[in-house]
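Scroll down for the structure; my scribbles are underneath it.
FYI, it's all coordinate maths here, none of it is from the lab. It should be emphasised that the depicted structure is a prediction, and the values quoted were computed from it without experimental measurement. Cβ: placed from backbone, ideal geometry, glycine included. Neighbour counts: every protein chain shown.
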Amino acid sequence: MSEAQDATSAAIYTALSALGVLGWAFYQHVPENTPPPVHIIGDISGEPLDDAGGDDERISLEISSVFQGEQNKPVLVEQGRIKAALHEATLTSVAGWTIRPLWQSSNAVLMPDAETYLGTSTFTVFAFAD
């Protein structure tokens, strides 16, 4: 993982952990046997913003929201909170980096067990070395 991706992951984790609603925890690495509801800072990939070999990156980031229950509404509410907290925010909690997430899409699907909902929120993040 690149330095820009590390900085992005840390800044997103810090920003989302501050939400602390409904007991939904945010994880980068979910402890074994942790029951839902949880949010997971998941897939992350990056590419350079220019051909000059600079440190700035355009990063694709997914945040998963997992909930067990009879409806998808809790997932949708949480996805709205995540979007409100991150979309077009400027995150500077990591020294040497400015992080700018832009919301791209979200979805919520019922898993085959018919009781677990999985929501995915996708962001494009620009990580700029200060």
Query raised in the report: What is the order of His87, His29, His39, fewest Cβ neighbours within 10 Å to most?
Result: His29, His87, His39
Report summary line: With +1 on the Cβ of every Lys and Arg and -1 on the Cβ of every Asp and Glu, the dipole magnitude of region 1-109 about its Cα centre, in debye rounded to the nearest 20, is 620 debye
Query raised in the report: Which angle between 0 and 90 degrees, to the nearest 10, do you get for helix 3-17 versus the longest principal axis of the chain when only C-alpha atoms count?
Result: 40 degrees
Report task. Convert each backbone phi in region 94-108 into a coupling constant with the Karplus relation 6.51 cos²θ - 1.76 cosθ + 1.60 (shift: θ = phi - 60°), then list the ³J(HN,Hα) values in order as whole Hz, x for Gly and Pro. Result -> 10, 4, x, 9, 10, 10, 10, x, 10, 5, 10, 6, 8, 8, 9
**Report entry** Exposed-loop-free span, longest in the chain, where GluC sites (Glu not before Pro) count as exposed if DSSP calls them loop and at most 16 other C-beta atoms lie within 10 Å
**Finding:** 33-69
Report task. Please arrange Tyr117, Tyr13 by counting, for each residue, the other beta carbons lying within 10 Å of its beta carbon, fewest first. Result -> Tyr13, Tyr117
Query - Read-out Cα extents along the principal axes in Å, derived from the coordinates shown; its label in [x] 51, 28, 24; [y] 54, 32, 21; [z] 45, 36, 27 - result: [x]
Report summary line: Going from the fewest other Cβ atoms within 10 Å to the most, one would list Phe128, Phe123 as Phe128, Phe123
